[in-house]
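What follows is a set of notes on a single structure, which appears directly below.
The values are calculated or read from the model by the stated rules, or taken from the named source; none is laboratory data. As the structure is a prediction and not an experimental result, all values here were calculated from the model. Note that we place each Cβ from the backbone using ideal geometry, even for glycine, and neighbour counts take in every protein chain shown. To get the accessible areas, we keep the full protein, side chains included, count just its heavy atoms, and leave off ligands, DNA and RNA. Shrake-Rupley method; radii C 1.70, N 1.55, O 1.52, S 1.80 Å.
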Amino acid sequence: MENAHLRFGLLEYVRFTEKASTRIRLRVDRYIGEDRQAHLLSVFGMTRMLAQSRRPFTEKAAFNLIFPDEL
């Protein structure tokens, strides 16, 4: 499929502390939810990024979800 990457969204999580900053960006394949309440989120990326991507969910932190038509 030509230009298949154009159908993927983007999940971005940014966290700043006194000593360090963290920025995680993952491609989103599927999102099922109602407005801000997600029921299913399918992402992919490098192994290290996927391991760190659990942090926003376990800490109930905010993250940005950008849909393909907004890129």
Checklist entry - Size of the dipole of the chain about the Cα centre, Lys and Arg at +1 and Asp and Glu at -1 on the beta carbon, nothing else charged, in debye to 20? => result 440
Item to check | Spacing of the two label points (7 Å from each Cα toward its C-beta) at T17 and T58, in nm | outcome: 1.3
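Figure the gain on full extension for R48 and I66 (residue separation times 0.36 nm, minus the Cα-Cα span) and round it to one decimal in nm.
In short, 4.3 nm is gained.
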Checklist outcome for this item: Excluding ligands, DNA and RNA, the carbon-plus-sulfur percentage of the accessible area of the chain with a 1.4 Å probe reads 50
Checklist entry - Out of (i) 4.6; (ii) 6.5; (iii) 5.8, which label holds the value of mean projected area of the Cα convex hull in nm² that was computed here? => result (iii)
Item to check | Longest segment of the chain lacking GluC sites (Glu not before Pro) that sit in a DSSP loop with at most 14 other Cβ atoms within 10 Å | outcome: 19-58
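Over the chain, what is the mean sequence separation of C-alpha contacts under 8 Å (at least six apart), divided by residue count, expressed as relative contact order in percent? Intermediate values should be presented prior to the final figure.
Details: 96 pairs, mean separation 24.3, N = 71.
So the answer I get is 34 percent.
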Checklist entry - In a GNM of the chain with a 10 Å cut-off on Cα contacts, which of R27, R48, R36 has the highest mean-square fluctuation? => result R36
